[in-house]
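Taking it in order: structure first as structure tokens, then the write-up.
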Amino acid sequence: MAEYKLLLKHSDKPEFRTFSGYVANGGYEGLKKAVEMERQGVIDEVKASGLRGRGGAGFPSWIKWNGLPKEKKAPHYVLCNADEGEPGTFKDKMLMETCPFQLIEGMTIAGYAVQAEKGFIYIRGEFIDAAKSLRRAIDEAYANGYLGKNVLGKGFDFDLYLHLGAGSYECGEESALMSSLMGERGMPRLKFPHAPLPTVSGVWEKPTLINNVETYSCAPHIVARGGEWYASLGASTKNSRGTKIFSVSGHVNNPGNFEIEFGTPLKELLAMAGGVKGGALKACIPGGSSMPIITAEEVDRAIIGYEEMQEVKSMVGSGGCMFFNEHTDIVMLAWRTALFYANESCGKCTPCREGTKWMLQILERIIEGKGKPGDIDLLKDVAGQIEGRSFCALGDAAAWPVQGMIRQFRHEFEYYIEHGKSMVTSERAMALRP
Ligand SMILES: Cc1cc2nc3c(=O)[nH]c(=O)nc-3n(C[C@H](O)[C@H](O)[C@H](O)COP(=O)(O)O)c2cc1C
Ligand code: SF4
């Protein structure tokens, strides 16, 4: 299977970033169709499409869209998660830089469907080019009557705001993101069933729809071409429909973003990225750094789909796909990953705040050649105490990679502890040692 470019179809055309270029290439057909439909009809198209959230969890999007009150008693908001902090993932950045109107159109369609009069794009503060691209596009959309009062003369008002975050991974977690948007510390809040869903009480305690950049960017295509058409893509999989953008990096000849239809074999994604560089394939983290690592043999038989990836005990996640060649020091990789999560832990709950630091300390002494015989089991124990016991999913995100690396490459950890050094001789990996 080759690439299937739907969202990225025009990403290499600079004119697509302008209002006139976007419209000339079929842009805004979805919104024009949407505003002629009943609001519920738009939500029904999203349901028919089988779209699942592209931010990582793969939650069915229509359930969120359908979850806001139909009888409006307070302002409704549409919120876009453009924080994209998961290491290995850079597809939202590209979508915002090269296809800003697609996201704006998707959010406007969502705004119409859920009766929201305001939308917010919470964008990672470091994404300066993406923010500039969006700023220009938002201004042009206002100037042409596609945002603001009485959009397209249909009596529907929709304002869109761009909010730059301060660069914290945790602010991508939706409840922390909402706190941050409201000017509070970027820490997570209690979630359903202990607190109402964001669709009932979200930002400023008002009904809020929150989706990822890629998720909203699908909406114009779903409405313009119909949910059934969209659902025909990926039909070979159990329950994954449409396309997915994968950010491919690591030891590959041609890193970048590749859009594929669900059901594509993972090894074909590797081939699209030019194959492995510098040696034979050793491992792959398919969906962003928090997803469990898989071996070369598993890459060979993995099919890209939410349920299908579980057959190799990993996940689609956010689509940050990293390939590693035979010279990769997996223990060093575990240490580097643990360092990230220990730094990004917000400190609110004990299992994650303490556990991520402990995992880091143990891994540090192993790669310094001072590992102790019981360290692997201790690492597993600490990871197990974090998993499922933390206040938000960052705890799981920190535990899974370490657990996965021990499960798949335990012999490398054992070699380090026994010999005080790595069993692979990657100079670059050694240079990264603390
Ligand atoms: C620690 C953490 C970081 C996250 N970072 C992001 C992010 O950068 N972008 C994103 O879209 N979702 C992120 N998520 C997932 C969001 O909480 C949320 O599920 C998502 O924005 C929902 O959108 P979707 O249904 O379109 O996927 C993160 C979750 C956690 C636990
Ligand atoms: S798991 Fe706990 S400490 Fe870690 S980021 Fe979430 S709330 Fe903060």
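Of Met107, Met94, Met291, the residue with the greatest mean-square motion in the GNM of the chain, using alpha carbon springs below 10 Å, is Met94.
Note on the chain: with a GNM built from Cα contacts shorter than 10 Å, the maximum mean-square fluctuation among Gly395, Gly320, Gly21 falls on Gly21. Stretching the chain fully between Glu297 and Glu354 yields a gain of 17.0 nm (0.36 nm per residue, less the alpha carbon separation). Radius of gyration over Kirkwood radius for region 330-431, both on Cα atoms: the Rg/Rh ratio is 0.97. With r defined as the distance between the Cβ atoms of Arg185 and Glu117 and R0 fixed at 22 Å, what FRET efficiency is calculated, to the nearest 0.05? My answer for the efficiency is 0.20. Axis angle, to the nearest 10 degrees, between helix 213-225 and the longest C-alpha principal axis of the chain: 40 degrees.
Relative contact order for the chain: what is it in percent, counting Cα pairs under 8 Å that are at least 6 residues apart? Let's see the in-between values first.
Numbers: 926 pairs, mean separation 70.3, N = 434.
Value for the chain: 16 percent.
The solvent-accessible area of Asp381, taken with every protein chain present and a 1.4 Å probe, is close to 80 Å².
Once Rh for region 243-325 is found with the Kirkwood sum over Cα pairs, what is the Stokes-Einstein diffusion coefficient at 37 °C and 0.692 mPa s, in µm²/s? Calculated translational D: 273 µm²/s. Build a GNM of the chain with springs between Cα atoms under 10 Å apart, and of Trp335, Trp62, Trp204 the one that fluctuates most is Trp204.
Each 10 Å bin from zero up to the one holding the largest Cα-Cα distance in region 14-231 carries the following percent of pairs: 9, 37, 40, 14, 1.
The distance from the alpha carbon centre of region 213-254 to that of region 1-20 is 14 Å, rounded to a whole number.
Accessible surface comparison of His76, His163, His10, His419, probe 1.4 Å, protein chains only, largest first: the order is His419, His163, His10, His76.
Computed from Cα positions, the angle between helix 100-113 and the longest principal axis of the chain comes to roughly 60 degrees. Could you tell me which of the pairs Lys244/Lys267; Lys5/Lys277; Lys13/Lys93 are separated by over 22 angstrom between their Cα atoms in the structure shown? The answer is Lys5/Lys277.
Taken along the Cα-to-beta-carbon direction at a fixed 7 Å, the label points for Glu29 and Asn144 span 1.5 nm.
Here, the chain has an Rg and a Dmax of 22.1, 73 Å when only alpha carbons are counted. Placing dummy labels 7 Å off each Cα toward the beta-carbon, the span from Ile128 to Glu326 is 4.3 nm.
What angle do you read, to the nearest 10 degrees and between 0 and 90, between the alpha-carbon axis of helix 375-386 and the longest principal axis of the chain? With both axes taken from Cα atoms, the answer is about 30 degrees.
Within region 118-136, find all residues whose amide N lies under 15 Å from a label point positioned 7 Å from the Cα of Asp157 along Cα-to-beta-carbon. Those under the cut-off are 118-119. For the pair Lys13 and Glu36, label points projected 7 Å from Cα toward Cβ lie 2.2 nm apart.
The values are calculated or read from the model by the stated rules, or taken from the named source; none is laboratory data. Note that the structure is predicted; figures quoted are calculated from it, not measured. Cβ sites come from the backbone with ideal geometry, for glycine too, and all protein chains shown count toward neighbours. Just so you know, the surface numbers come from the protein's heavy atoms only, side chains and all, with ligands and any DNA or RNA stripped out. Shrake-Rupley method; radii C 1.70, N 1.55, O 1.52, S 1.80 Å.
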